[in-house]
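Have a look at the structure below before the remarks.
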2 protein chains.
Amino acid sequence: MKTSLSFILILFSYSFCVAQTDEAALKTIYKQSLTNGKSYQWLGYLSNTIGGRLSGSTNAELAVQYTKKELEKLGLDKVWLQPVMVPKWVRGEKEMAYFVSNNEFNKVNICALGGSVATPENGLKAKVIEVGSYEDLKDLGEAKIKGKIVFINRALQPDLINTFEAYGGCSVERYRGAAEAAKYGAVGTIVRSLSSRQDDYPHTGSMSYGDLPIEKRIPSAAISTNDAVKLSEALKQNKDLEFFFEMSCQQFDDVQSYNVIGEITGNEFPNEYIVVGGHLDSWDLGDGAHDDGAGVVQSMDVLRLLKESGIKPKRSIRVVLFMNEENGLRGGRKYAEVAKAKGEKHVFALESDSGGFTPRGFSFDGSELMLQKIDAWRPLFKPYLIHYFEKGYSGADIGPLKDDGILLAGLRPDSQRYFDHHHAANDTFEHVNKRELELGAATMTALVYLVDKYGVETTLKMKEIKD
Amino acid sequence: MKTSLSFILILFSYSFCVAQTDEAALKTIYKQSLTNGKSYQWLGYLSNTIGGRLSGSTNAELAVQYTKKELEKLGLDKVWLQPVMVPKWVRGEKEMAYFVSNNEFNKVNICALGGSVATPENGLKAKVIEVGSYEDLKDLGEAKIKGKIVFINRALQPDLINTFEAYGGCSVERYRGAAEAAKYGAVGTIVRSLSSRQDDYPHTGSMSYGDLPIEKRIPSAAISTNDAVKLSEALKQNKDLEFFFEMSCQQFDDVQSYNVIGEITGNEFPNEYIVVGGHLDSWDLGDGAHDDGAGVVQSMDVLRLLKESGIKPKRSIRVVLFMNEENGLRGGRKYAEVAKAKGEKHVFALESDSGGFTPRGFSFDGSELMLQKIDAWRPLFKPYLIHYFEKGYSGADIGPLKDDGILLAGLRPDSQRYFDHHHAANDTFEHVNKRELELGAATMTALVYLVDKYGVETTLKMKEIKD
Ligand SMILES: [Zn+2]
Ligand SMILES: [Zn+2]
């Protein structure tokens with residue numbers, strides 16, 4: 001009993017001392033970001049001066065050059081480009097679509113899904129069969145589907161509090177819908193936009209034909225939520241109405257691109273790496289301010305805020321601006337492949353790819369012991385209203401780094417507005433709030449500071465002892 | 001020891017049973033709000049069809065009639081208007097302002113502060129003296145101030161996480177600036193807008209001349225943050241520059257208006273009252289969507305969501321839509337005065353007047369025992385990411401109800417964007433997100449449900465026993 005109590009007291013006083021210093025460090029970090037941050041200014045350039053940055057586009061390469069140059073200004077220990085071949089898909093002319101119902105012409109807002117083939121040159125007109133999910137196609141069978149356009153009208157579930165859950169539930173419709181519909185002889189697919197809002201914006205995103213041979217591939221488009229409702233209503237009145245759409249998108253050969261990497265070399269464990277990153281590429285409809293310009297500039301600012309706050313990391317801290325998250329994940333895979341080939345020991349990776357909204361916390365992918373260690377830092381984050389520390393998904397680009405020794409984390413901003421903008425023409429700079437963006441950068445920096453200072457090693461060693 | 005343990009076990013199993021049922025109730029409430037809520041539709045009407053609702057205006061009266069009619073549709077037990085006399089201040093023509101510096105004409109965005117007198121008919125032109133706070137006036141003295149326009153250029157402190165704290169730090173400049181400057185012979189005041197953003201919108205808000213006689217009152221305006229920076233820069237170059245502004249605002253006699261009240265009468269303790277409310281009036285520049293259309297429609301939906309969720313309250317639940325929070329608080333005072341005169345026992349009041357943003361929790365003004373009881377409900381709110389339960393300020397309109405037996409609470413939405421819009425022309429419907437608004441209404445309903453079910457009485461009785 002006595003030993004226990006002393007032990008608790010020692011732990012308590014230790015925590016207390018540590019907490020005082022760390023409290024001051026976090027205060028400095030947040031103050032730096034809110035009074036002297038660069039994330040918003042960088043985002044303005046990426047969004048307004050460059051714009052949408054689809055892999056393989058000129059804009060994507062401009063973003064590579066711009067962010068490299070900006071990282072070079074920060075006085076980091078190293079800045080370099082990591083070559084990676086990326087797919088190049090081009091939208092072409094703005095898409096056009098309509099249907100006629102009750103002798104009334106209805107123009108419809110659509111956009112090609114990323115990876116889709118084009119329609120025939122003069123467009124495609126066919127009857128429509130509406131389903132709630134691609135899974136319903138099997139029951140309908142070829143007789144009812146052949147020669148028609150399959151309209152997958154599945155809305156995000158509104159009563160899920162985390163909108164990413166609602167998105168996750170529906171994204172398979174967009175990704176696999178066309179491949180499945182083609183099997184039953186459909187001539188095209190129209191997928192309800194994965195938006196949490198009723199409006200006129202179609203939301204693009206990646207789709208795949210899987211192993212479907214080229215000649216069997218059918219064009220696939222997203223339709224705005226308002227038009228999905230309108231089309232569904234019209235089909236109730238007239239199931240024989242014809243839908244027309246025209247798209248000229250095209251897939252080219254892969255082209256050379258790059259991940260952009262900057263590093264502060266650690267002064268105690270230089271061969272242990274901490275990665276913080278987001279993806280440089282974006283869809284082409286908006287300017288990619290939330291997805292993922294926000295994650296890019298926040299990650300850049302993590303290294304800058306550490307320097308500005310006078311923090312000299314023990315471990316090597318890298319910012320990695322990944323190329324091609326949206327339609328290939330080539331950058332994420334390449335970074336992990338090179339790291340593995342070089343035998344680089346990565347201890348922690350943090351991704352920001354959920355929009356530049358008010359940060360609420362993090363989700364973590366790591367051992368229970370790592371999570372316990374992190375959980376003890378909650379009180380440090382309380383003054384910044386950071387409360388969400390849960391086990392869960394981290395992020396697509398850092399996923400390939402996963403092994404037993406690494407802790408992966410994803411910044412979790414407030415999710416309510418994200419899918420109003422995601423992959424649509426209204427993902428633009430004006431919808432990013434400066435303070436919200438800066439709070440995210442500070443929150444990431446604070447976590448990187450703590451992981452760098454205390455490591456995830458101690459708990460691992462404890463685990464090793466126990467095992 | 002044995003007794004303690006049994007007691008704990010009993011408490012535990014009791015909590016467990018209760019928690020299961022309450023979990024289901026909260027799930028229903030949130031689902032209702034997110035799938036079947038009315039708050040967003042009501043807000044669309046208040047904002048877009050009616051618009052800004054300054055006390056004493058036609059719009060304010062339209063809002064009274066509209067909300068009364070909508071409450072009557074809900075099948076409540078009672079709906080009525082509570083008469084209250086309110087001040088009537090009218091802005092008049094759009095304000096005009098400029099200064100000339102280096103032979104360059106600079107048009108400036110200003111607006112009259114609520115309660116200000118007009119400038120002379122052809123405007124007012126004078127030299128400018130810039131201060132960081134009205135507190136600096138004393139040191140400058142009459143010699144340096146007399147005949148000049150006092151420009152109070154105090155920015156919100158950006159590193160405060162809660163923007164209401166930053167606002168609270170500066171709002172006295174707007175409220176008292178003119179009265180203080182007039183004492184030293186100033187001819188007008190220009191106050192930097194209480195905005196957390198750099199932009200061109202001037203933000204109005206109430207000001208007071210205190211006991212300054214009418215003939216000594218000087219006109220007072222807010223200047224946009226961008227123009228405050230520009231003016232300050234120009235003054236560094238040329239301290240003798242002249243500033244011109246013209247305002248035709250006017251104070252009229254008080255006019256008749258109303259609080260709008262609806263009630264579900266309790267089936268067990270009908271004489272115990274729970275109030276939920278926001279304020280119907282707004283400033284005139286925008287449409288008052290966040291301040292406080294959001295609070296109005298959320299409060300209305302609390303009663304509706306209780307009904308839709310099949311909850312029959314034990315206590316009487318009132319929605320009170322207060323008139324004249326912005327420039328008089330007459331509605332809040334009147335409601336408390338009538339309640340006191342009638343001897344109505346109010347046990348709980350909840351106000352929503354911090355914008356329609358993602359709810360984070362509540363601040364509570366009540367006894368420690370009440371707060372402990374509330375704190376035990378935290379786990380119920382966790383699935384909805386509601387984490388903030390702190391002692392603090394509740395709200396202006398429910399403040400006059402304060403006594404020892406009542407628990408007061410304020411909904412605390414995310415505060416980062418609020419002062420971008422507050423009292424400015426960009427406080428408009430398009431800046432309210434439907435899901436965020438609905439989550440707020442659900443969160444309020446959930447708390448009202450729990451307080452109604454469990455009361456704050458038990459802890460009070462425990463307290464009485466202890467005392
Ligand atoms: Zn992304
Ligand atoms: Zn208000």
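The values are calculated or read from the model by the stated rules, or taken from the named source; none is laboratory data. Bear in mind the structure is a predicted one, so any value in this text is a computation, not a measurement. Using ideal geometry, Cβ is built from the backbone for each residue, glycine included, and neighbour counts are taken over all protein chains shown. To get the accessible areas, we keep the full protein, side chains included, count just its heavy atoms, and leave off ligands, DNA and RNA. Shrake-Rupley method; radii C 1.70, N 1.55, O 1.52, S 1.80 Å.
Shape summary of the stretch B:382-439, radius of gyration then Dmax from alpha carbon positions: 14.5, 41 Å. For the protein assembly as shown, the pair-distance distribution built from all alpha carbon pairs, in bins 20 Å wide starting at 0, is 13, 38, 38, 11, 0 percent.
Sorting B:V255, B:V131 by accessible area puts them as B:V255, B:V131; the probe is 1.4 Å, largest comes first, and only protein heavy atoms count. Coupling constants for the stretch A:406-423 follow from the phi torsions by the Karplus curve (6.51 cos²θ - 1.76 cosθ + 1.60, θ = phi - 60°), and in residue order they are 10, 9, 10, 9, x, 5, 10, x, 3, 9, 5, 9, 4, 7, 6, 10, 3, 6 Hz; glycine and proline get x. Angle, helix B:330-341 long axis vs. longest principal axis of chain B, Cα atoms, 0 to 90°, nearest 10? Between the helix axis and the principal axis of chain B, the angle is about 40 degrees. Accessible-area rank, largest first, for A:Y449, B:Y45: B:Y45, A:Y449, with all protein chains present and a 1.4 angstrom probe. Derived from the Cα gyration tensor, the three semi-axes of the equivalent ellipsoid of the stretch B:91-196 are 23, 18, 14 Å, largest first. Kirkwood's formula applied to the C-alpha pairs of the stretch B:30-153 gives a hydrodynamic radius of 19.6 angstrom. Here r is the Cβ-Cβ distance between A:A126 and A:R333 and R0 is 41 Å; the resulting FRET efficiency, rounded to 0.05, is 0.60. For chain A, the Kirkwood hydrodynamic radius from C-alpha pairs, put into Stokes-Einstein at 4 °C and a viscosity of 1.567 mPa s, yields a diffusion coefficient of 55 µm² per second. A probe of 1.4 angstrom, applied to the heavy atoms of all protein chains, finds B:E215 with accessible area near 150 square angstrom. The B and A chains share an interface that buries close to 2500 Å² of accessible area, total over both sides, probe 1.4 Å.
Report the FRET efficiency, 1/(1 + (r/R0)^6), for A:E344 and B:A376, where r is their Cβ-Cβ distance and R0 is 35 Å, rounded to 0.05. Taking R0 as 35 Å, the efficiency between A:E344 and B:A376 is 0.15.
Accessible surface ranking for A:Y98, A:Y209, 1.4 angstrom probe, highest first: A:Y98, A:Y209. Between copies, the label points of A:K73, set 7 Å from Cα on the Cα→Cβ line, lie 5.4 nm apart, reported in increasing order to one decimal in nanometres. Within the protein assembly as shown, antiparallel bridges make up roughly 50 percent of the DSSP beta bridges whose residues both belong there.
Beta bridges assigned by DSSP with both partners in the stretch B:93-164 are antiparallel in approximately 50 percent of cases. Mean silhouette area of the stretch A:137-207, derived from the convex hull of its C-alpha atoms and averaged over all directions, reads 5.1 nm². Over the residues of chain B, the helix contribution to mean residue ellipticity at 222 nm works out to -12000 deg cm²/dmol, using -39500 (n - 2.57) for each DSSP H run of at least 4.
Given a 1.4 Å probe and the protein chains as shown, B:C249 ends up with an accessible area of around 10 Å². Placing +1 on the Cβ of every Lys and Arg and -1 on the Cβ of every Asp and Glu, with no other charges, gives chain A a dipole of roughly 860 debye about its Cα centre.
About its Cα centre, the dipole of the stretch B:92-248 is roughly 240 debye, where the only charges are +1 on Lys and Arg Cβ and -1 on Asp and Glu Cβ.
With contacts taken as Cα pairs under 8 Å and at least 6 residues apart, the stretch B:92-248 reaches a relative contact order of 38 percent. Take A:Q41, move 7 Å from Cα toward the beta carbon, and the resulting point lies 4.9 nm from the same point in each other copy, nearest first. For B:M96, the amide hydrogen comes within under 5 Å of the amide hydrogens of B:E246, counting only partners 5 or more places away or on other chains and with H modelled in the peptide plane. Quick note on the stretch B:173-294: its Rg to Rh ratio, both from C-alpha atoms and Rh being the Kirkwood radius, is 1.13.
Label-point distances for A:D404 to the equivalent site in the other copies, using a point 7 angstrom along Cα→C-beta, read 6.4 nm when ranked shortest first.
Averaged over B:69-76, how many beta carbons belonging to a partner chain fall within 10 Å of each residue's beta carbon? Counting Cβ atoms of other protein chains within 10 Å of each residue's Cβ and averaging gives 0. Averaging the sequence gap over all C-alpha pairs within less than 8 Å and six or more residues apart, then dividing by the number of residues, gives chain B a relative contact order of 21 percent. I'd like the orientation of helix A:225-237 relative to chain A: the angle between its Cα long axis and the longest Cα principal axis, in ° from 0 to 90, rounded to 10. Roughly 30 degrees between the two axes. The solvent-accessible area of A:S367, taken with every protein chain present and a 1.4 Å probe, is close to 30 Å². When you restrict to C-alpha pairs under 8 Å that are six or more residues apart and normalise by the size of the stretch B:323-467, the relative contact order lands at 33 percent.
A straight line joining the Cα centroids of the stretch B:38-113 and the stretch A:115-160 runs 47 Å.
Bridge orientation summary for the stretch B:331-467: considering DSSP beta bridges with both residues in this region, about 45 percent are antiparallel. The Cβ shell under 9 Å around A:A442 holds other residues with a net charge of -1, Lys and Arg each +1, Asp and Glu each -1. Positive contributions from Lys and Arg (+1) and negative ones from Asp and Glu (-1), summed over other residues with Cβ under 11 Å from the Cβ of B:M300, come out at +2. Specify which residue in the list A:S367, A:A182, A:G355 is farthest towards the positive end of the charge dipole of chain A, using unit charges on the beta carbon of Lys, Arg (+1) and Asp, Glu (-1), about the Cα centre. Going by the charge dipole, the pick is A:S367. Taking trypsin sites (Lys or Arg not before Pro) across the stretch B:308-365, the ones in a DSSP loop with at most 12 further Cβ atoms lying within 10 angstrom of their Cβ are B:K342.
Counting, for every residue in A:407-418, the Cβ atoms of other protein chains within 10 Å of its Cβ and taking the mean gives 2. The rotation axis bringing chain A onto chain B passes closest to the chain A residue reported with its distance as A:H387, 2, by C-beta distance in whole Å.
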